[in-house]
């Protein structure tokens, strides 16, 4: 059985400055399968919380449409339609975006433009799909640059324990690189014991209790797992 | 109790500040080296007492005088810096050597992890380097990570080599600051301290804040 989940929590710095959560996420299930998306609006842009919501809405639209795009055509489609949503005046709305969807058999696509982390366990093997970055923290490419796609791939979630996790940089930057597989497993183990609502509550609590000193960024995670 | 804490980094994100200080013999004029030592001490003390709201300021000082540049202070959290720096003015101006050391520091992901905020590199000099500096400067501007840092520069003295120093300064909010004397060195450091402190407390620590040089009639600059 495929299950999808997600949660987001505003970062302490945005809360302090009375700014909205600039991250957004979407989880949707239909006869076509399961889809998740996360987006992280740029802190330096005034309406990036609107830009991030627009991005995840487009992922859902594409998933639910009758279009059958090759994985390499997803990023250009998202970029083009996201810019069009703002009549090509998108500078104030810049955002990153990570997406993944699979059909009922677990076959699908995943991709990423901008920072964050895309983790997958496919046919029992764990992979960090996001390449190592030469940027510093909070320096990122955005959805307006379709050529900046960092990950674009077909995915297969075929056996129990397989899954895909999408994480914004508020979480990704504070995870120990050598612990990513264990982090993935911990999330899977929790999801296999909780229902959707309990999972969301647990994730929110974990993000509220984040322990990295001086952490300030919004935090968002979403994923799809195949469970027993 | 958190189930995910064991996967989380337990160090704050650093905001690296690297000072490239000209300690050639020219710096002994007008007591400039003494003022530079005092300014560095005051800046580090100020960083150490910041509330560390968003980022932890880490400082490194690379002195270039004599035959080669030297890392006087390895990158260290400001609140952990112990003792005073006692830079001495002597010899030539090996800027190329200093840039090579700074590049090595910035490109090293063990010392400056990818999660660090964008580093700030501050150059104070009379200019007129007399080692091979063009190649190291070109690499500094081109290399994967050092090309992304913010660079401030101060030209010391009326005869300073402004062309080279202007090329170094790359932040539109902070063009080359031209100083003539010890008081100007202090004004520059106060502006840098305020700019870095503002970044460390901002919700957007990567975003530059304008370098606002205090008025020349400011008092309270004795050490």
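The values are calculated or read from the model by the stated rules, or taken from the named source; none is laboratory data. Bear in mind the structure is a predicted one, so any value in this text is a computation, not a measurement. When we count neighbours, we look across all protein chains shown, and the Cβ atoms used for this are built from the backbone with ideal geometry, even at glycine.
Test residue B:57 against the criterion of being within 13 Å of another protein chain (Cβ to nearest Cβ), surrounded by 18 or more Cβ atoms within 10 Å (Cβ to Cβ) and outside any loop (DSSP other than H, G, I, E, B), and give yes or no. Can you show your working first?
On the way: within 13 Å of another protein chain (Cβ to nearest Cβ): yes; surrounded by 18 or more Cβ atoms within 10 Å (Cβ to Cβ): yes; outside any loop (DSSP other than H, G, I, E, B): yes.
Spelling it out, residue B:57 is indeed within 13 Å of another protein chain (Cβ to nearest Cβ), surrounded by 18 or more Cβ atoms within 10 Å (Cβ to Cβ) and outside any loop (DSSP other than H, G, I, E, B).
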Residues being at pLDDT below 95 and more than 16 Å from residue A:111 (Cα to Cα): count how many of those fall in region A:52-71.
-> 4
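Just to be sure, is residue A:132 surrounded by fewer than 17 Cβ atoms within 10 Å (Cβ to Cβ) and without any contact (Cβ under 8 Å) to a residue 24 or more places away in the chain? Even if it seems obvious, please write down each step before you answer.
Numbers: surrounded by fewer than 17 Cβ atoms within 10 Å (Cβ to Cβ): yes; without any contact (Cβ under 8 Å) to a residue 24 or more places away in the chain: yes.
Considered against the rule, which asks whether it is surrounded by fewer than 17 Cβ atoms within 10 Å (Cβ to Cβ) and without any contact (Cβ under 8 Å) to a residue 24 or more places away in the chain, residue A:132 comes out as yes.
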Answer from A:102, A:59 - the residue that is within 20 Å of residue A:119 (Cβ to Cβ), crowded, with 18+ Cβ neighbours inside 10 Å, free of Cβ contacts under 8 Å to residues at least 60 places away in the same chain and within 18 Å of the chain's Cα centre (by Cα) | A:59
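Would you list the helices (runs of 4 or more DSSP H) that sit entirely within region A:157-228 and hold 3 or more residues that are more than 12 Å from chain B (Cβ to nearest Cβ)?
Per the criteria, A:196-208.
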Residue B:22 vs (1) within 24 Å of residue B:106 (Cα to Cα); (2) at pLDDT 90 or above; (3) surrounded by fewer than 23 Cβ atoms within 10 Å (Cβ to Cβ): all pass except (3)
Looking at this structure, is residue B:182 in contact with a helix residue (DSSP H, G or I) (Cβ under 8 Å, 6 or more places away or on another chain), within 14 Å of chain A (Cβ to nearest Cβ) and at pLDDT below 85?
-> no
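Among the listed residues B:3, B:30, B:67, identify the single one that is over 19 Å from the mean Cα position of the chain (by Cα), on the phi > 0 side of the Ramachandran plot and surrounded by fewer than 18 Cβ atoms within 10 Å (Cβ to Cβ).
B:30
Just checking, does region B:70-79 include any residue being within 29 Å of residue A:171 (Cβ to Cβ), in a loop (DSSP other than H, G, I, E, B) and in contact with a strand residue (DSSP E or B) (Cβ under 9 Å, 6 or more places away or on another chain)? Can you show your working first?
So the first thing to find is which residues in region B:70-79 are within 29 Å of residue A:171 (Cβ to Cβ), and the list is B:75-79.
Within this subset, residues satisfying the condition of being in a loop (DSSP other than H, G, I, E, B) are none.
Looking for residues that are within 29 Å of residue A:171 (Cβ to Cβ), in a loop (DSSP other than H, G, I, E, B) and in contact with a strand residue (DSSP E or B) (Cβ under 9 Å, 6 or more places away or on another chain), one finds none in region B:70-79, hence no.
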Here are some conditions: (1) within 11 Å of chain A (Cβ to nearest Cβ); (2) in contact with a strand residue (DSSP E or B) (Cβ under 7 Å, 6 or more places away or on another chain). Residue B:5 meets all but one. Which one does it not meet?
-> (2)
Could we say that residue B:106 is crowded, with 23+ Cβ neighbours inside 10 Å and either within 14 Å of another protein chain (Cβ to nearest Cβ) or closer than 30 Å to residue A:138 by Cβ (or both) here?
-> yes
Subset of region A:62-97 [surrounded by fewer than 19 Cβ atoms within 10 Å (Cβ to Cβ) and in contact (Cβ under 8 Å) with a residue 60 or more places away in the chain] | A:71, A:72, A:76, A:80, A:83
Some residue of region B:115-129 being closer than 24 Å to residue A:139 by Cβ, within 14 Å of chain A (Cβ to nearest Cβ), outside any loop (DSSP other than H, G, I, E, B) and modelled with pLDDT of 85 or more | yes
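Which of the residues belonging to region A:162-182 are over 22 Å from residue A:24 (Cβ atoms) and crowded, with 20+ Cβ neighbours inside 10 Å? Can you show your working first?
Applying the first criterion (over 22 Å from residue A:24 (Cβ atoms)) to region A:162-182 yields A:162, A:176-182.
Correct list: A:162, A:180.
Working carefully through the options A:147, A:122, find the one that is away from chain B (no Cβ under 14 Å), over 17 Å from the mean Cα position of the chain (by Cα) and modelled with pLDDT of 95 or more.
Numbers: A:147 fails: modelled with pLDDT of 95 or more.
The match here is A:122.
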Scan region B:151-171 and give yes if some residue there is at pLDDT below 90 and within 14 Å of chain A (Cβ to nearest Cβ), otherwise no.
-> no
Read through the list (1) without any contact (Cβ under 8 Å) to a residue 60 or more places away in the chain; (2) away from every other protein chain (no Cβ under 14 Å); (3) in contact with a strand residue (DSSP E or B) (Cβ under 7 Å, 6 or more places away or on another chain); (4) closer than 30 Å to residue A:177 by Cβ, then give the number of the only condition that residue B:48 fails.
-> (3)
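Filter region B:130-150 down to residues that are within 14 Å of another protein chain (Cβ to nearest Cβ) and outside any loop (DSSP other than H, G, I, E, B) and give me whichever is surrounded by the fewest Cβ atoms within 10 Å (Cβ to Cβ). Spell out how you get there, then give the answer.
As a first pass, look at region B:130-150 and keep what is within 14 Å of another protein chain (Cβ to nearest Cβ): B:142-150.
Keeping just the survivors that are outside any loop (DSSP other than H, G, I, E, B) gives B:142, B:146-148, B:150.
Details: B:142: 10, B:146: 20, B:147: 13, B:148: 15, B:150: 20.
My answer is B:142.
Kindly indicate whether residue A:143 is surrounded by 15 or more Cβ atoms within 10 Å (Cβ to Cβ), in a strand (DSSP E or B) and in contact with a strand residue (DSSP E or B) (Cβ under 9 Å, 6 or more places away or on another chain).
No: the conditions fail for residue A:143.
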